[in-house]
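The values are calculated or read from the model by the stated rules, or taken from the named source; none is laboratory data. Note that this is a predicted model, so its numbers are computed, not measured. Because the Cβ atoms are built from the backbone with ideal geometry, glycine has one as well, and the counts that use them run over all protein chains shown.
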């Protein structure tokens, strides 16, 4: 609660039960095993684009003046909205691939190859996926997608350089 407003009511959390991968993965795994999946079931977590490091990485929560300011000031995921996914500005390489990094997680993997475009988003293109354009319709709202992205699966050097620069933990 921040000034009487639940954190779950903020624009970013938007009443979701999960805002982090580890808690979601643990609950998802538990629900699967309750429904008959093997108790030794493990999950893979894609960390190829969740680094959100670089100079803009927060070091603590935001100010306690308003619940949205508190959440926005401290969240590591810097997407404009949680549903945005395409070639996101500010993304960085996340945790390095690793075996058994957390209970119930078989591995962190880079499932999406760093530098591979999520989809076309150039200003004069007709993108296959509307979230890949830096503005959506109707209303021309920002998506956080990098402009001028090539079609899905093609090399996107601008995004690759950004993923390296914003990697968390930082690349040596």
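So here's what we get for this one:
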read-out: Tally of residues being at pLDDT 75 or above and surrounded by 16 or more Cβ atoms within 10 Å (Cβ to Cβ) across the range 118-135; value: 8
read-out: Count of the range 2-12 residues which are assigned to a loop (DSSP other than H, G, I, E, B) and in contact (Cβ under 8 Å) with a residue 12 or more places away in the chain; value: 5
read-out: Criterion (on the phi > 0 side of the Ramachandran plot and either at pLDDT 90 or above or within 19 Å of the chain's Cα centre (by Cα) (or both)) met by exactly one of 40, 74, 4; value: 4
read-out: Every residue from the range 153-172 that is farther than 15 Å from residue 121 by Cβ and part of a loop (DSSP other than H, G, I, E, B); value: 166, 167, 168, 169, 170, 171, 172
read-out: Counted residues, the range 13-23 - those being in contact with a helix residue (DSSP H, G or I) (Cβ under 7 Å, 6 or more places away or on another chain) and in contact (Cβ under 8 Å) with a residue 24 or more places away in the chain; value: 1
read-out: The range 49-77: number of residues that are closer than 24 Å to residue 145 by Cα and touching a helix residue (DSSP H, G or I) at 6+ places or on another chain (Cβ under 8 Å); value: 6
read-out: Residue match in the range 130-152 (condition: part of a loop (DSSP other than H, G, I, E, B) and within 25 Å of residue 23 (Cβ to Cβ)); value: yes
